[in-house]
Amino acid sequence: MKRKMSQTPTDAGASKKIRRGFNFIDLFLILFVIAVVLIAVNIVSPMSFIDKLKSDSTHTIQYTVEFIGVDEEYIDSIKEEDIVVDSVSKSNMGSVTVADYNTRYSALEYSESAQAGVLTEYKDKYNVTVTITAEASYTEGYGYSVNNTRIAVGEKLSLRFPNYVGEGHCISFSVES
């Protein structure tokens, strides 16, 4: 007498389902296909991303950076013809054309006796303005940049000189050629 063995429902389901783990090769292939499609669209598209990154032209610019509240002992540290370096990227930002450190630092402080704000001038601190000349590239939609650092009025710049490091804001900007 032969007996037929019956399968239980859990045995039948387990034999049909094959569990697959995460496959890095499939992920790599999907990412590769997406990259190829994006590159193809970028090349064919009239508004290519690569074209936006290319600089349109190069110009000589002058920009002025103001350092506020510089201690008196450091005001002579910035001299004409000093090489200026970006403190973050360590790239050349031009050379000093003019350094003006004749303006004393002043701040608006509240005076209890006057019950109002009073402009107080500090005798040992100065506002130093430094005019820098550099070769800059111009990119449509981005503006002027010196070694990939954007130069525009109001931009905050961290600059390093041979004898001084400071953070200031660009207060003026002009294009020479």
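A few comments on the model shown:
- Residue selected from the stretch 25-69 under the condition aromatic (F, W, Y) and not assigned by TED's automatic domain parsing to the domain that holds T97, by the criterion modelled with the highest pLDDT: F32
- Flag if T103 is surrounded by 18 or more Cβ atoms within 10 Å (Cβ to Cβ) and either in contact with a strand residue (DSSP E or B) (Cβ under 6 Å, 6 or more places away or on another chain) or free of Cβ contacts under 8 Å to residues at least 12 places away in the same chain (or both): no
- When residues of the stretch 113-130 are limited to those that are over 29 Å from the mean Cα position of the chain (by Cα) and aliphatic (A, V, I, L, M), the one modelled with the lowest pLDDT: A114
- Scope the stretch 133-176; condition outside any strand (DSSP E or B) and in contact with a helix residue (DSSP H, G or I) (Cβ under 6 Å, 6 or more places away or on another chain); matching residues: N163
The values are calculated or read from the model by the stated rules, or taken from the named source; none is laboratory data. Only a predicted model underlies this, so the values are computations on that prediction, with no experimental measurement involved. Heads up, the Cβs are rebuilt from the backbone with ideal geometry, glycines too, and the neighbour counts pull from every protein chain shown.
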